[in-house]
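Undergrad: What follows is a structure written as structure tokens; I'll ask about it next.
The values are calculated or read from the model by the stated rules, or taken from the named source; none is laboratory data. Because the structure is predicted, anything quoted here is derived from the model rather than measured. In this analysis, Cβ positions are derived from the backbone assuming ideal geometry, glycine residues included, and neighbour counts consider all displayed protein chains.
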Amino acid sequence: MVGIDPGTTATGYGVVRQEGTTLSLLECGVFRPTPKAPLHRRIREIFEGVDQVLARFTPDVVSVEAVFQGKNVRSALVLGHARGAVLVAASLRDLAIAEYSPREIKKAVVGNGGATKEQVGFMVQERLRLKEPPRPSDAADGVAAALCHLTVGVAGAMVGALPHRFARRRRTP
């Protein structure tokens, strides 16, 4: 399972494996596109970084943080470009994509949709039995996106009630 917290200055990711009831963190980190590079170049760098992670770990599902309604329309639009790079990388590998709002991710991981970044990092640390929270917080947010799907999406699949934002794209011959 790969979770991704998209952003044009920092895109956090986390790779989590579930075996039975045991969760383990395989890798997490942040892609930092070239500062002050044109937007199209930063988007390409995000795509390439995500694609490399997907190639190394070959997940079945990519859990992505959805765009939230913010006060700054320009920021939301630019964030949408970063999300697009992530979605294309997953789609080109024919992976299922699950999308969760920041509030849904925090609720699934912390139990409180209004949790702080510090609380998210602490609960990621606790749930994965890590010595310390993943750093920087963008990496912890990527791991939290993966944990959210393992908590909400997988549980929903067991009872046949997958969230409507979970879609499987199949290639046509």
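Undergrad: Mind listing whichever residues of region 30-54 are of a type in the set (A, V, I, L, M, F, W, C) and free of Cβ contacts under 8 Å to residues at least 12 places away in the same chain?
TA: A37
Undergrad: Inspect region 46-67 for any residue being touching a Gly at 6+ places or on another chain (Cβ under 7 Å), among the β-branched types (V, I, T), farther than 16 Å from M1 by Cα and outside any loop (DSSP other than H, G, I, E, B) and give the result as yes or no.
TA: no
Undergrad: On the basis of being in a helix (DSSP H, G or I) and either under 17 Å from D138 (Cβ atoms) or modelled with pLDDT of 95 or more (or both), does S75 make the cut?
TA: Considered against the rule, which asks whether it is in a helix (DSSP H, G or I) and either under 17 Å from D138 (Cβ atoms) or modelled with pLDDT of 95 or more (or both), S75 comes out as yes.
Undergrad: Here's something else I'd like to know. Could you please give the count of residues in region 1-19 that are over 8 Å from the mean Cα position of the chain (by Cα) and either part of a loop (DSSP other than H, G, I, E, B) or buried (at least 24 other Cβ atoms within 10 Å of the Cβ) (or both)?
TA: The qualifying residues number 7.
Undergrad: Moving on. Would you please list the contacts, defined by Cβ atoms under 9 Å and residues six or more apart or on different chains, that run from a residue in region 89-108 that is among the aromatic types (F, W, Y) to a residue that is assigned to a helix (DSSP H, G or I)?
TA: Once the first residue is among the aromatic types (F, W, Y) and sits in region 89-108, its partners that are assigned to a helix (DSSP H, G or I) give Y100/A108; Y100/A145; Y100/C148; Y100/H149; Y100/V152; Y100/G153.
Undergrad: While we're on this one: Could you check region 115-141 and list, in sequence order, the residues that are farther than 20 Å from V53 by Cβ and out of contact with any helix residue (DSSP H, G or I) (no Cβ under 7 Å at 6 or more places or on another chain)?
TA: T116, E118, F122, Q125, E126, R129, K131
Undergrad: Looking for something surrounded by fewer than 20 Cβ atoms within 10 Å (Cβ to Cβ), among the hydroxyl-bearing types (S, T, Y) and within 13 Å of the chain's Cα centre (by Cα) - is there at least one such residue anywhere in region 84-99?
TA: no
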